[in-house]
Amino acid sequence: MDSETSMSSTFTVRIPQELKEKMKGLPAEWSEEVRNFIEERVKHLELIKTIEEIEMKAKKRQLTVDSTTLIREDRERYA
């Protein structure tokens, strides 16, 4: 048994009968195509999640500074 089979699980999808009949007449490895699609979709969603987490952390680190206060302090320092 190869490592892909020994470390895998089954995922069942219900599709319309008409679609299944159309799929039978086409030259495709459907299980492989669905597996590849799911892998890419998971990667994409994980990336989105990571980007959102980074954005949240960046927002928390942003400093809010009143520029007028800084200018006033700077002027007072050199007055």
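Here, each number is a calculation from the coordinates, and none is a lab measurement. Computed from a predicted structure; not experimentally measured. All Cβ positions, glycine included, derive from the backbone under ideal geometry; neighbour counts span all protein chains shown.
Each of Ile38, Leu26, Thr68 was placed along the dipole of the chain (beta-carbon charges, centred on the mean Cα), and the one lying farthest toward the positive end is Thr68. When the chymotrypsin sites (Phe, Trp or Tyr not before Pro) in the chain are filtered for DSSP coil states and for at most 11 other beta-carbon atoms within 10 Å of their beta-carbon, the remaining sites are Phe11, Tyr78. FRET efficiency for the Glu32 to Ile54 pair, using the beta carbon distance and R₀ = 30 Å, is estimated at 0.35.
Nothing charged except the Cβ atoms of Lys and Arg (+1) and of Asp and Glu (-1): what's the magnitude of the dipole of the stretch 26-72 about its Cα centre? Round to the nearest 20 debye.
580
Under the convention that each Lys and Arg Cβ holds +1 and each Asp and Glu Cβ holds -1, the size of the dipole of the chain around its Cα centre is about 380 debye.
Calculate, in nm to one decimal, what Ala79 and Leu63 gain on full extension: separation in residues at 0.36 nm each, minus their alpha carbon distance.
Working: separation 16, 0.36 × 16 = 5.76 nm, distance 2.70 nm.
Computed gain between Ala79 and Leu63 is 3.1 nm.
What the Kirkwood sum gives for the chain is a hydrodynamic radius of 18.6 Å, with every pair of different alpha carbons counted.
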